[in-house]
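K.L.:
Input: one structure, supplied below.
The values are calculated or read from the model by the stated rules, or taken from the named source; none is laboratory data. Remember, predicted model here, so these are calculated numbers, not experimental data. Neighbour counts run over all protein chains shown; Cβ positions are idealised from the backbone, glycine included.
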Amino acid sequence: MFLSCVCEADGRLNTGHAGVLLAERRGSYPLIDLRILKTSAQQGEVETVTRRKVKRLLSFQRYCHASRLLRGLVPHTPRSLHLLDDDYLGQAAHMLSKVGTWNFDIFLFDRLTNGNSLVTLMCHLFNVYDLIHHFQLDMVKLNRFLGMVQEDYHSQNPYHNAVHAADVTQAMYCYLREPKLAEHLSPLDIFLGLMAAAAHDVDHPGVNQPFLIKTRHHLASLYQNTSVLESHHWRSTVGMLRESGLLSHLPADMSRDIEQRLGSLILATDINRQNEFLMTFREHLDNQDLDLQLASHRHFILQIALKCADICNPCRVWELSRQWSERVCEEFYRQGDLEKKFDLEISPLCNQQSDSVPAIQIGFISYIVEPLFEEWHRFTEPSLLSQTMLDHLHKNKANWSSLRCAHTPSDVQGRSQAEEPEGEVGEGADIP
Ligand SMILES: [Zn+2]
């Protein structure tokens, strides 16, 4: 009996390599916070989330109007019935005209699009690259797919939500435009890069893999404790691709190839595989043997670009970078609170009493971000963007160092700020 179960699990995972891919149903993961948090405060939070979802649904209808507006299909007249929306969307459209600038304020963009930053950004970038025409995509199916992806991010997560996905997508767009890379990319490379960025954390539960393993979550056993979250993000994306029928008009082997390559990109974001990718990247740069005429080498660079986009927060301008840092630490601390509540050992970085935001950020920058971005700088050289990112990185690290000296862990003030980020950063077009 035991053997047959193991074989079945193996079979399901291995069929992916044989070309028949397991797709997860939408909403197939039981919400951890709903299952174990029953306090009235949190029930209120759930109601708020539902209200927010309804609001988003309504704003999605407005988005359909907006997308026509952005494509110039609807004249923008003062007699429009959507005066307020048009005002906001006018500002959003203005921001989109500078979407390739590194200090693009995704928080502001999300507010201007009423929580639809991911859908709006993706539609815009698909238009910029003419991907809809190139792949003969059906606009209704595309909107349905992107709407599903955005909805399946959890807005109650302080960090792993649709705004993070939009932020990673915007960073990915900046990297795709790097002169070293841009001239070699095919429409399929660009399509995959943007799709993987948009969906790379979809349905993230707001806790990490060790938490899922120690609480014996069904996803941990489904994916045998390896790349659990990343596998779930990928398989959920495949499920949504199939449900929306976005690729149903393409030859079967092409859509299968797209699904597999999306998986390879999303799985590369597993932070446990950081060294593996970094060493290979460094080796290629030392040997100067990257040939971007080769599809396999371009795919590897797309993996690296997505990894950079995923962890680029410390390379942003301080006002934006600080907000992301507070958000990610808030998510860690919430996991730590859960672990404490259920008598589980508190995971590293998740103890608000001993792990301060500055200390977490300095470690993250030193061991994860700096080594990768130094190599990315070598690859893209000469690149004004890479230089700008490294400059921000060094300044931000220095800022966290002085904050660590100035504050004890109990002074950490991230929690309230993380929920309602303050301040807006101007769009300034001086940085690439
Ligand atoms: Zn991510």
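K.L.:
If Lys214 meets every condition in (1) of a type outside the set (A, V, I, L, M, F, W, C); (2) out of contact with any Ser or Thr (no Cβ under 8 Å at 6 or more places or on another chain); (3) closer than 28 Å to Ser255 by Cα apart from one, which number is that one?
P.N.:
(3)
K.L.:
Which of the residues spanning the stretch 295-324 are away from the ligand (no atom under 14 Å from the Cβ), more than 13 Å from His164 (Cα to Cα) and of a type in the set (A, V, I, L, M, F, W, C)?
P.N.:
Ala295, Phe300, Ile301, Leu302, Ile304, Cys315, Val317, Trp318
K.L.:
What number of residues in the stretch 337-351 are surrounded by 15 or more Cβ atoms within 10 Å (Cβ to Cβ) and under 24 Å from Cys315 (Cα atoms)?
P.N.:
Residues flagged as surrounded by 15 or more Cβ atoms within 10 Å (Cβ to Cβ) and under 24 Å from Cys315 (Cα atoms) within the stretch 337-351 amount to 2.
K.L.:
Among the listed residues Cys350, Cys329, identify the single one that is of a type outside the set (Phe, Trp, Tyr), within 16 Å of the ligand (Cβ to nearest atom) and modelled with pLDDT of 95 or more.
P.N.:
From the options Cys350, Cys329, the qualifying one is Cys329.
K.L.:
Just for the stretch 194-237: of the residues that are among the charged types (D, E, K, R) and more than 25 Å from Leu118 (Cβ to Cβ), which one is surrounded by the fewest Cβ atoms within 10 Å (Cβ to Cβ)? Lay out the reasoning, then the answer.
P.N.:
Narrowing the stretch 194-237 to residues among the charged types (D, E, K, R): 201, 203, 214, 216, 230, 235.
This time we only want the ones that are more than 25 Å from Leu118 (Cβ to Cβ), so: 214, 216.
Working: Lys214: 14, Arg216: 8.
So the residue we want is Arg216.
K.L.:
For the stretch 152-196, which residues satisfy the criterion of being more than 16 Å from the ligand (Cβ to nearest atom) and of a type in the set (Phe, Trp, Tyr)?
P.N.:
Once the filter is applied, which keeps residues that are more than 16 Å from the ligand (Cβ to nearest atom) and of a type in the set (Phe, Trp, Tyr), the stretch 152-196 yields only Phe191.
K.L.:
Filter the stretch 161-193 for residues that are in contact with a Lys or Arg (Cβ under 9 Å, 6 or more places away or on another chain) and not in a helix (DSSP H, G or I); which is surrounded by the most Cβ atoms within 10 Å (Cβ to Cβ)?
P.N.:
It comes out as Asn161.
K.L.:
Quick check on the stretch 320-336. Is at least one of its residues surrounded by 22 or more Cβ atoms within 10 Å (Cβ to Cβ), under 23 Å from the mean Cα position of the chain (by Cα) and not in a helix (DSSP H, G or I)?
P.N.:
no
K.L.:
Then there is this: Please go through the stretch 208-219 and pick out each residue that is in a loop (DSSP other than H, G, I, E, B) and either touching a strand residue (DSSP E or B) at 6+ places or on another chain (Cβ under 7 Å) or within 14 Å of the ligand (Cβ to nearest atom) (or both). Full working, then the answer.
P.N.:
Just the residues of the stretch 208-219 that are in a loop (DSSP other than H, G, I, E, B), to begin with: 208, 215-217.
Asn208 - this is the single residue of the stretch 208-219 that is in a loop (DSSP other than H, G, I, E, B) and either touching a strand residue (DSSP E or B) at 6+ places or on another chain (Cβ under 7 Å) or within 14 Å of the ligand (Cβ to nearest atom) (or both).
K.L.:
Filter the stretch 102-137 for residues that are assigned to a loop (DSSP other than H, G, I, E, B) and under 25 Å from Glu319 (Cα atoms) and give the result.
P.N.:
Listed by number, the residues that qualify are Trp102, Asn103, Phe104, Asp105, Thr113, Asn114, Gly115, Asn116.
K.L.:
So which residues in the stretch 228-286 are under 14 Å from the mean Cα position of the chain (by Cα) and either of a type in the set (D, E, K, R) or farther than 15 Å from His204 by Cα (or both), if there are any at all?
P.N.:
Across the stretch 228-286, the qualifying residues are Glu230, Leu262, Leu265, Ala268, Asp270.
K.L.:
Farther than 20 Å from His160 by Cα, at pLDDT 95 or above and outside any helix (DSSP H, G or I), is that true of His204? Talk me through it step by step, then tell me what you get.
P.N.:
Details: farther than 20 Å from His160 by Cα: no; at pLDDT 95 or above: yes; outside any helix (DSSP H, G or I): yes.
Here the answer is no, as His204 does not meet what is asked.
Every residue, every condition in (1) within 30 Å of Phe107 (Cβ to Cβ); (2) among the β-branched types (Val, Ile, Thr); (3) without any contact (Cβ under 8 Å) to a residue 12 or more places away in the chain; (4) crowded, with 23+ Cβ neighbours inside 10 Å, yes or no:
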site: Ala252; (1), (2), (3), (4): no, no, yes, no
site: Ser264; (1), (2), (3), (4): no, no, no, no
site: Gln274; (1), (2), (3), (4): yes, no, no, no
site: Arg298; (1), (2), (3), (4): no, no, no, no
site: Ala309; (1), (2), (3), (4): yes, no, no, yes
